[in-house]
Amino acid sequence: MRICLRALIVSLAFASSPAAAQETAPGRLSLSQALEIARTTNPGFLQTRNDEAIADWDVRQAWGALLPSASANGGLSWQGSGETQLSGGLTLADLGFGNQPSYYGSSYSLGLNYSLNWATILGPKQTNAQRQVTRAGIGVAEATLTSQVTRAYVELLRQADAVRIAELQLENAEFNLRLAQGQLEVGQVTPIDVGQAEVQVGRARVFVLQARNLDTTARMRLLQLLGLQVDQPFEATSSFTLSTPRWDLETLKSIALEDNPELKRRRLSTESSNVAVSSAWSSYLPSMSISTGWSGFTRQASSSDFQVIQAESSVAATIAQCARTNDLYSRLVTPLPVIDCAQFAFTDIQRQAIISGNDQFPFNFTGSPPSLRLTLSIPIFSGLSRQRNLEAARVQRDDLRQQVREQELTVEANLSIGLANLQTAYQSALLQEQNRVLAEQQLNLARQRYQLGAITFVELVDAQTLFLQAEADLTVAIFLYHDFVTTLEALVGASLRP
């Protein structure tokens, strides 16, 4: 959660700043500023960080699965006028229902369903564990980005120092050339010595050109990691000095075993796999579902005349049947009372009721009977797929546990090796610093002796070369020391520099 909050604060801070809006680097760029910019604008890291949003929605979806689902449907229909064919080749006209009008219809249905099983109950716990794994993965990506940016920043300082050494070499070569030219005027050296000095100046200029190109390349690589345009000028303000390594191996191990990003991610993956095993067990347990629904429909003819005619025909048939019945009653030996056939007459009230009853479309629904269903499903046999899935979940959990142990051993070994390399690099840097002091003393002495004519120009160049090599070796040793510090920081999961 601390990673997410910090990433959100940094994102808001840079989103409101002109640097983030224009994607430009500040004129003076420190290492901490570079790291903050990289967390905000590096495309690869931003892609990884976006995974958290999906993980959050997975958790919400898992909680939503514990709630009932609801559905609502509605529809409209139309059937044109004409003859309708029934089974057997008959039509409605054959049955006396010809000249049917067109019909309009509408319908609705509401459904409510609720299903519950053990896997659904474990859903929020499992997705939350997976979200923690995703956040840990973001932490791994952030740690990787931090290490990459730090190495790129150190590389930039290394190349900048290489430019300084190359320019120093050019300065010394030009000094030697002026010295040789002066000695030539008084006859203490030959033109060959002057020619050699000119060659040394030319070579030094080539070295300066190459060093500046490498410096420019390092700048571009750093800007690329920051997610910025690579043609922006800036000044690196952070400095990396040589300091005595005072870190205790056991202390670093205890910190790394708790805070190493990859180790944290693997541990959280193991916790998530435990939930996955429990979820696999759910295939052996019963599941329950409840469903209910409501529905309604309307059906309205385009004209009520057809229905009125049908009703009149039906009434006429009833009256005719009544008349036949009265005739039959009158023919009996003992006649029965006559039925009043007038009571079956079709009235205006019936006509109006038919017309009113046809006025249904689109919202005068006729409700269908509601329904309620409860289902309990008990799995019995599924072709051994449940056991296979359960064993697969167990194997994955065991594999993740071994990966955690493997990462712990890797961290411990790399810390021990890294700290030993760091101490060696520190001692080497101290020796290289002494060598540089001695080489500088030898160069100054060689210049004095050359002015007195005690040594040749070649010997002077050798002294100069020895000094520049000692200067370069010192630079290499110092930055190699900081490379090992960066490696330890990546293992520990925290900054070790002041």
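The values are calculated or read from the model by the stated rules, or taken from the named source; none is laboratory data. If you're wondering where the values come from, they're calculated on a predicted model, not measured in any experiment. Cβ placement follows ideal geometry from the backbone for every residue including glycine, while neighbour counts extend to all protein chains displayed.
Which of the residues belonging to region 54-76 are of a type in the set (D, E, K, R) and surrounded by 13 or more Cβ atoms within 10 Å (Cβ to Cβ)?
ASP56, ASP58
From (1) outside any loop (DSSP other than H, G, I, E, B); (2) of a type outside the set (Val, Ile, Thr); (3) surrounded by 17 or more Cβ atoms within 10 Å (Cβ to Cβ); (4) in contact with a helix residue (DSSP H, G or I) (Cβ under 9 Å, 6 or more places away or on another chain), pick out the condition that doesn't hold for GLN300.
With respect to (1) outside any loop (DSSP other than H, G, I, E, B); (2) of a type outside the set (Val, Ile, Thr); (3) surrounded by 17 or more Cβ atoms within 10 Å (Cβ to Cβ); (4) in contact with a helix residue (DSSP H, G or I) (Cβ under 9 Å, 6 or more places away or on another chain), GLN300 is out only on (4).
With LEU445, LEU438 as the choices, which residue is of a type in the set (A, V, I, L, M) and more than 30 Å from PRO245 (Cα to Cα)?
Only one candidate qualifies: LEU445.
Quick check, is ALA25 in the same structural domain as THR144 (by TED's automatic domain parsing), in contact (Cβ under 8 Å) with a residue 12 or more places away in the chain, part of a helix (DSSP H, G or I) and under 19 Å from VAL154 (Cβ atoms)?
Judged against the criteria, ALA25 is not a match.
Looking at region 33-68 only, could you name the residues that are closer than 22 Å to ASN128 by Cβ and among the polar types (S, T, N, Q)?
THR48, ASN50, GLN61
Being surrounded by fewer than 19 Cβ atoms within 10 Å (Cβ to Cβ), out of contact with any helix residue (DSSP H, G or I) (no Cβ under 9 Å at 6 or more places or on another chain) and assigned to a helix (DSSP H, G or I): is that true of GLU250 here?
yes
Return only the number of the condition from (1) more than 28 Å from SER243 (Cβ to Cβ); (2) surrounded by 15 or more Cβ atoms within 10 Å (Cβ to Cβ) that LEU376 does not satisfy.
Here LEU376 meets the rest and fails (2).
Regarding region 476-498, can at least one residue be identified that is of a type in the set (S, T, N, Q) and at pLDDT below 90?
yes
Name every residue in region 218-251 that is hydroxyl-bearing (Ser, Thr, Tyr) and under 30 Å from GLN47 (Cβ atoms), in order of residue number.
Hits for region 218-251 are THR237, SER238.
Within region 482-490, identify whether any single residue is in a helix (DSSP H, G or I), touching a helix residue (DSSP H, G or I) at 6+ places or on another chain (Cβ under 7 Å), hydrophobic (A, V, I, L, M, F, W, C) and farther than 18 Å from LEU157 by Cα, and answer yes or no.
yes
For every residue, the table says whether it meets (1) more than 25 Å from ALA454 (Cβ to Cβ); (2) out of contact with any Ser or Thr (no Cβ under 6 Å at 6 or more places or on another chain); (3) small (Gly, Ala, Ser); (4) without any contact (Cβ under 8 Å) to a residue 40 or more places away in the chain.
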{"position": "ALA152", "(1), (2), (3), (4)": "yes, yes, yes, no"}
{"position": "GLU171", "(1), (2), (3), (4)": "no, yes, no, yes"}
{"position": "GLN200", "(1), (2), (3), (4)": "no, yes, no, no"}
{"position": "ALA204", "(1), (2), (3), (4)": "no, yes, yes, yes"}
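Which one of SER313, SER304, SER282, SER295 is within 60 Å of the chain's Cα centre (by Cα) and modelled with pLDDT under 90?
Selected residue: SER282, the only one of SER313, SER304, SER282, SER295 that is within 60 Å of the chain's Cα centre (by Cα) and modelled with pLDDT under 90.
So, VAL458, is that one part of a helix (DSSP H, G or I), of a type in the set (A, V, I, L, M) and loosely packed, with under 15 Cβ neighbours inside 10 Å or not?
In short, yes.
Being modelled with pLDDT of 90 or more, in contact with a helix residue (DSSP H, G or I) (Cβ under 8 Å, 6 or more places away or on another chain) and assigned to a helix (DSSP H, G or I) is true for just one of LEU225, LEU184, LEU179. Which residue is that?
So the residue among LEU225, LEU184, LEU179 that is modelled with pLDDT of 90 or more, in contact with a helix residue (DSSP H, G or I) (Cβ under 8 Å, 6 or more places away or on another chain) and assigned to a helix (DSSP H, G or I) is LEU225.
Taking the stated definitions as given, is GLU391 charged (D, E, K, R), surrounded by 17 or more Cβ atoms within 10 Å (Cβ to Cβ) and under 33 Å from the mean Cα position of the chain (by Cα)?
Considered against the rule, which asks whether it is charged (D, E, K, R), surrounded by 17 or more Cβ atoms within 10 Å (Cβ to Cβ) and under 33 Å from the mean Cα position of the chain (by Cα), GLU391 comes out as no.
Taking region 28-77 only, how many residues are free of Cβ contacts under 8 Å to residues at least 60 places away in the same chain, in contact with a helix residue (DSSP H, G or I) (Cβ under 7 Å, 6 or more places away or on another chain) and part of a loop (DSSP other than H, G, I, E, B)?
The qualifying residues number 2.
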